[in-house]
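Step one of this worksheet: look at the structure below.
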Amino acid sequence: MKAVLVLATGESFTGTVLGSATNVQGNIVFNTSMNAYEDVLFDSELKDEIVCMTYPEIGNTGVDLQRIAQESVHLKGLIIKSACRNPSGDRSKIQVLEDFLQEKGVSGIMGIDTRQVTKIIRDNPGLKAGIFVGDVSVADALAQLA
């Protein structure tokens, strides 16, 4: 399903839905870690943030089912370039990232140039953004962000 990331600066990026197919809006931040994406999911300091991961493929080790039972997801949305559908590790103790996000109701987008998005975020601290599902015009999305 199609999704669009719209930044308050007017830039937009088209990709596909990751996780829950719901529209979300909030402040956007980036994270450059290569393998700590699971920490990002459960970090309370990212409450209500939309997080853009700069590393190209996220989800290689899945999400630890024991951690899921003990902690809550705080972020509002996740932006990635590519999702790993076959994580490594003990299959009985992990869940695929996409499935986890959908189960927890976290909206996301994948298939976009996250490094370009990161450059924009870096130059515009405190930037608002939205992930919109389906066909939405940039003008309509910007009106919702205002």
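Every number here is computed from the coordinates shown, using simple stated rules; none is lab data. Everything quoted here is computed from the prediction, not taken from an experiment. All Cβ positions, even for glycine, are placed from backbone atoms using ideal geometry, and neighbour counts span all protein chains on display.
When +1 charges are put on Lys and Arg Cβ atoms and -1 charges on Asp and Glu Cβ atoms, the dipole computed for region 2-145 relative to its Cα centre reaches about 180 debye.
For the pair Leu65 and Met1, label points projected 7 Å from Cα toward Cβ lie 2.6 nm apart.
Working note: Karplus 6.51/-1.76/1.60 with θ = phi - 60° gives region 15-26 the couplings x, 10, 5, 10, x, 6, 8, 10, 6, 9, 9, x Hz, where Gly and Pro are set to x. Relative to its residue count, region 1-82 spans a Cα convex hull of 102 Å³ per residue.
Quick one: work out the % antiparallel among DSSP beta bridges in the chain, nearest 5. Percent antiparallel among DSSP bridges in the chain is about 60. Across the chain, Cα pairs under 8 Å and at least six residues apart give a relative contact order of 38 percent.
Across every pair of non-identical alpha carbons in the chain, the mean reciprocal distance, once inverted, gives a Kirkwood radius of 15.0 Å.
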